[in-house]
Amino acid sequence: GNLLEDARAACRLVRLPQPLLTEDDLSRIASIDSESFHVARLRAVFERQAGPGALARALDALTGAAEEAVRAGANIIILSDRAAAHEVPIPSLLAVGAVHHHLMQAGMRTFADIVVESGDALSAHDLAALIGYSASGILPYGAHAQIERLAAQGDLTDAAGRALTAAEAIENYN
């Protein structure tokens with residue numbers, strides 16, 4: 001088409017007010033089902049008993065699944081490292097970096113955004129690194145769980161010394 005033509009219909013966006021998400025935000029993103037947006041949710045885990053080379057095989061499977069999802073029309077890829085007891089999470093930065101790089105090599109990176117559901121992103125550095133590796137949104141569920149535990153114990157207060165609820169503390173963190 002003509003790059004100079006006003007094509008507002010082709011410029012549909014999901015606007016995130018910030019890159020850090022809540023469980024509710026991620027749930028709303030994951031449930032998007034429209035003509036313009038298609039979501040693929042991929043698990044960034046591998047079997048604990050898979051033996052030597054399991055991580056490399058899991059990364060190959062993850063990147064292949066991401067490419068297949070984008071080829072099938074997904075334009076939002078959610079990578080989740082939530083693992084069952086018999087599974088090991090792939091480090092979120094490794095998963096995001098691998099998917100980003102693979103889609104770049106396939107010439108498909110601009111066709112999909114990456115959102116990550118991460119248990120290992122705790123510090124500002126972790127979050128900045130994920131954003132630097134092209135995550136458009138991050139649900140730091142591990143950090144949120146720790147905040148909830150601290151709030152339940154009464155260990156989080158505001159400047160006036162008032163105990164914060166988990167919701168208030170998570171909002172401050174995000």
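Report, by residue number, each residue of the stretch 26-47 that is more than 18 Å from residue 103 (Cβ to Cβ) and buried (at least 16 other Cβ atoms within 10 Å of the Cβ).
26, 29, 30, 45, 46
Conditions tested, residue by residue: (1) modelled with pLDDT under 95; (2) over 11 Å from residue 77 (Cβ atoms); (3) out of contact with any helix residue (DSSP H, G or I) (no Cβ under 6 Å at 6 or more places or on another chain).
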position	(1), (2), (3)
98	no, yes, no
116	no, no, no
120	no, yes, no
126	no, yes, yes
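The listed residues are 125, 101, and the only one of them that is farther than 30 Å from residue 36 by Cβ, within 16 Å of the chain's Cα centre (by Cα) and of a type outside the set (A, V, I, L, M, F, W, C) turns out to be 125. Checked against (1) polar (S, T, N, Q); (2) over 25 Å from residue 65 (Cα atoms); (3) within 13 Å of the chain's Cα centre (by Cα), residue 136 passes all but condition (2). Scanning the stretch 123-174 for residues that are among the aliphatic types (A, V, I, L, M), within 30 Å of residue 104 (Cβ to Cβ) and free of Cβ contacts under 8 Å to residues at least 24 places away in the same chain gives 124, 128.
Just give me the residues in the stretch 59-80 being among the acidic types (Asp, Glu) and closer than 15 Å to residue 38 by Cβ, in sequence order. The answer is 67, 68.
The values are calculated or read from the model by the stated rules, or taken from the named source; none is laboratory data. Keep in mind that what you see is a predicted model, and the values were worked out from it rather than measured. So basically every Cβ, Gly included, is an ideal-geometry build from the backbone, and we count neighbours across all protein chains shown.
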